[in-house]
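Data first, discussion second: the structure below is written as structure tokens.
Every number in this text was worked out from the coordinates using simple rules, so none of it is lab data. Worth saying up front: this structure is predicted, and the values here are computed from it rather than measured. When we count neighbours, we look across all protein chains shown, and the Cβ atoms used for this are built from the backbone with ideal geometry, even at glycine.
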Amino acid sequence: MTNTKRLSVRQLCFIIITLFSVSKFYVLPAFVSGLSKEAGWMATSVNFALDYLILFACLIAVKNTDKTLYESSTEIFGKPLTNLTFILYAVYFIIKAFVPLLEQKNTISLTFYDSQPTLLIFMPFFIVAFYIAKKGVNAFSRSVEILLWVFALALLIIFALSIPAGKYQALLPFSQPPSRVFKGFYGNLIWFGDPVIVLFLGDYLTEKKKLIKKCTISFIISAVITISLIVVFYAIFDSIAERQYYAPIKMSKYSITLSNIGRLDYLGSILFSLISIYSITLYLLLATEIVNKVFKFYNNNFFVPLAITTIEALLIFFFQNEIFTSIAFVQKYFQPFFIVMAYLLPLVFTIATVIWKNKRRQNVQAC
Amino acid sequence: MFRRAKFYLIIFAIVLVNFLTLDFLLIDVEKTALIVAIGIDKVEDGYEVTAQIAVPEATNQSTKSNESVIYAKGDTLYDAVSEIGNRTGWYPKLSFCNLIILGNSVFEENVMGVVDFFVRSYKVEDSSILCASEKSAKELLMSISPLDNISSFALSKIFVRDHNNASAILTTTVRDFSILYYSKSKSGLMPQVKMIKTEDKGDNTSSASSLTSNSGAGGNEAEKNTPVVYDAETSLLFYNGYKVGELNGDECLFYSMFEKGANDAYFSLPVTDDDGNGGTALLSIKKANSSLKLVKEEGTFKLKGELKLRIKISDTDFPQSMKEIATIGRLNDKNLKKAENYVKEKLSDAFERSKNLNCDLFETTEMLYRYHNGDFDDYKDGFLKNLTCDFSVTCQNYI
């Protein structure tokens, strides 16, 4: 997209650890518990396994080229198809941000408000999102260095307070019918498919040394954190888990410590919300960068981030009280679109890149 | 550059105006009623909710229990809670509600008709303690206790006294009760609170004094103003949401040892010491190790419970020689055996009674599903009816 290199491998790893996991902490644990019961963690593990395959493919594609994604794609597929695909990705990122954003809005409403608050309380998010989208990847990547430690603190608080409250036999039996695991896996898909981000962020990498190894380790850490959260969550709520939406504000309140010192766990929840807001902002940032690239706007253009943030704000405004209808709607009508954009196209692109590279090498040798 | 500055200025102005005029719609704390406990009674045309409130206001006067109570009726529980807001103009804030009392009238129907409101609602914490009242919930919340100005605070103290230790009070929360109801066992337990009158009349700040008798049906004003303390050593048994029976204090105590560790739990036993003195001794359980397993033997399932107790005599109602006292509460072999038999009998009684009432007290159907999943479909029908138990109890001297 742009030739200015602004992202280190370490920062990319931090993004994978924090932002790939935090968006799955809110509605997903309850949702997958409803579909897969005690096999929820298994279904989520399958999702992570599939996501890793895509991440691996994206990393190979990133590592094998010195060109930007847009340049490589134009070279292989031609400009019209590349432009169309990129615009579809911009749409995908806007829709992808929609459900996590609704989750955040509801979490904040439930945590701080007794009545239904106006959307204006959520306006600071859009201001931050606009600011980051306008500033670009450079500002975002530097923020992530701080976010990792905020994330670690939030995890420490939430896990320390919730782990002792769980009854882990609730996860038995381990032998589960594959249909139950598949149900959860398929239902989970709208929260997964993040690795495609790496394909776009690859343009900004300053170096690519040990890229695959480092990103793999980061992804495993991210997966372990998320699966552990789902395990603890189910151990705490067992047969009523499917009703316990917004896990971070629910699962840590049973510690006897809290009866003396109050809802300390809210601190962890608020920190998670902060990170979640960043993870959602990343989608809007990428959508902005894509539009800038396709329509050849200047990178510090004012109107594209404003337009994208406004579209997202309008979506939230119209569906603010319809989170579960919205999830059902996205699953029903956008799931195939998500699968194509998050899984199919990255695979096609990677395969095409490898074939193209080999072909070019053969041509060079023939000459 | 100037246009950009103007844009940021407008955004800043909108945020500032919102903050200064609406506090971002945060509700002023003085417009909220902090509901600290809720009592629910079934009435003819729906539910009656009794809410004990703490109104945040600057005052140095303490509020009495019966002065801080609001009632409301509604077709459903939610309706009744909303009615509190309509009547008072406050926003009823339920996130501080730590105690939910169900009146005896609620148990005529499936109790989950009431409890699932708290699972459904995001406004009430499902970590709230759930208990039953021997009488109406309203009476219990209106009672005056010498332990605290607010009756629900006094009650809560009983339930959270020694949270991690086995005791005769089987504290349960909305979450715990609901998990069991929706589990394969479909059973549950809930402590029942009885009011016990004290001789202390009126002065709420004095400590609890001698206990006299169980309270009657209530009635005249003087009786209503008699301070009471609370006894929650009986637990109600539930199957499929319906109350089916009760467990007494000792049964609750020994049952809870399979869930929690024991440190300083007590039970009484008739004993005879080496000098031939006889009477009742109060035995202190200093340590308990337990295990509960569902085993399949020759095609049938058996519940095997093992309980190892380290006990000592804490007190007797008869004089003992210095030699006996100097042994730091050691029990002789005969008394140890007697204690073993007593505990075993109580556990077997609890198992058999709950089994006959169809209440899966030890969650055996859930154990069948978790640990013998392959057999679940074949055995689940009438599983509890065909189940036998074998409790092995070993009592040893603490020192």
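Quick one: which residues, 5+ away or cross-chain, put their amide H under 5 Å from the amide H of B:S268? H built at 1.01 Å from N.
The list, which skips near neighbours in sequence, is B:L283.
Taking the Cα centre of region A:9-366 as origin and charging only Cβ (+1 Lys, Arg; -1 Asp, Glu), how large is the dipole, in debye to the nearest 20?
Here region A:9-366 has a charge dipole of around 880 debye.
Across the residues of A:119-127, average count of Cβ atoms on other protein chains within 10 Å?
3
Do the alpha carbons of any pairs in A:K250/B:K42; B:K42/B:K385; B:K304/B:K355; A:K105/A:K253 sit beyond 23 Å of each other, and which pairs?
Those over the limit are A:K250/B:K42; B:K42/B:K385.
Hey, what do the phi angles of region B:272-280 turn into as Karplus ³J(HN,Hα) couplings, whole Hz, using 6.51/-1.76/1.60 and θ = phi - 60°, x for Gly and Pro?
10, 8, 5, 7, x, 6, x, x, 9
Of the listed peptides A:264-275, B:70-81, what is their order by residue-averaged count of other C-beta atoms within 10 Å, with the highest listed first?
So the peptides A:264-275, B:70-81, ranked by packing, come out A:264-275, B:70-81.
Considering all alpha-carbon pairs of region A:69-217, what whole percent are spaced by more than 25 angstrom?
56
Give me, ordered by chain and number, the residues 5 or more places off B:M190 or on other chains with an amide H under 5 Å from its own placed amide H.
Residues meeting the amide H criterion: B:L236.
If one computes P(r) from the Cα atoms of region A:158-284, what percent of pairs lie at distances over 19 Å?
Of the Cα pairs, 62 percent sit more than 19 Å apart.
Can you give me the orientation-averaged projected area of the convex hull built on the Cα atoms of region B:258-399, in nm²?
Projected over every direction and averaged, the Cα hull of region B:258-399 covers 9.5 nm².
Give the dimensionless ratio obtained when the Cα radius of gyration of chain A is divided by 2.2 N^0.38 Å.
Here the Cα radius of gyration is 1.00 times the empirical estimate.
Take the Cα radius of gyration of region A:1-120 and divide it by 2.2 N^0.38 Å, with N its residue count; two decimals is plenty.
Ratio of Rg to 2.2 N^0.38 Å for region A:1-120: 1.38.
For region B:124-130, just list the computed ³J(HN,Hα) in residue order, Karplus coefficients 6.51, -1.76 and 1.60, θ = phi - 60°, integers in Hz, with x standing in for Gly and Pro.
10, 7, 7, 8, 5, 6, 10
Starting from the amide H of B:V244, placed 1.01 Å from N in the peptide plane, find each other amide H under 5 Å away whose residue is 5 or more places distant or on another chain.
B:L237, B:F238, B:Y239
Hey, if you put +1 on the Cβ of every Lys and Arg and -1 on every Asp and Glu Cβ in chain A, which of A:L153, A:F20, A:V231 ends up farthest toward the positive end of that dipole?
Value computed over the given set: A:F20.
Among the lysines, which fall within straight-line cross-link reach of A:K332, defined as a Cα-Cα distance under 18 Å, with same-chain neighbours fewer than 8 residues apart omitted?
A:K96, A:K183
Restricting to the protein assembly as shown, compute how many DSSP beta bridges are antiparallel as a %, nearest 5.
Roughly 70 percent of the beta bridges in the protein assembly as shown run antiparallel, per DSSP.
Provide B:S314, B:S185 in ascending order of the number of other Cβ atoms located within 10 Å of each residue's Cβ, fewest first.
Ascending number of Cβ neighbours within 10 Å: B:S314, B:S185.
What pairs in A:K135/A:K209; B:K287/B:K312; B:K186/B:K296; A:K79/A:K134 have C-alpha atoms more than 18 Å from each other?
Table pairs above 18 Å Cα-Cα are A:K135/A:K209; B:K186/B:K296; A:K79/A:K134.
Just to check I understand the Karplus step: with θ = phi - 60° and J = 6.51 cos²θ - 1.76 cosθ + 1.60, what whole-Hz values come out for region B:281-288, glycine and proline as x?
Here the 3J(HN,Hα) series is 10, 8, 9, 9, 8, 8, 7, 9 Hz.
Calculate the dipole size of region B:263-391 relative to its Cα centre from +1 charges on Lys and Arg beta carbons and -1 charges on Asp and Glu beta carbons; express the result in debye to the nearest 20.
In total the dipole reaches around 320 debye.
Among B:L269, A:L84, what is the fewest-to-most ranking by other Cβ atoms within 10 Å?
A:L84, B:L269
Quick one: if you stick a label point 7 Å off each Cα along the C-beta vector at B:V43 and B:K337, how many nm between them?
Taking the simple label geometry, B:V43 and B:K337 are separated by 6.1 nm.
Add -39500 (n - 2.57) for each DSSP H run of 4 or more in chain A, then divide by its residues: what number comes out at 222 nm, to the nearest 500 deg cm²/dmol?
The helix-only estimate for chain A comes to -23500 deg cm²/dmol at 222 nm.
Taking only the alpha carbons of the protein assembly as shown, what extent do you get along each of the three principal axes, in Å, biggest first?
If we take the Cα atoms of the protein assembly as shown, the spans are 112, 66, 50 Å.
Roughly how big is the protein assembly as shown's charge dipole about its Cα centre, with Cβ charges of +1 (Lys, Arg) and -1 (Asp, Glu), in debye to the nearest 20?
For the protein assembly as shown, the charge dipole is close to 4700 debye.
So which helices of chain A fit the span-like rule, where a helix is a whole DSSP H run, its Cα atoms reach 27 Å or more along the axis, and its mean Kyte-Doolittle is at least 1.0?
A:40-63, A:137-162, A:211-237, A:265-294
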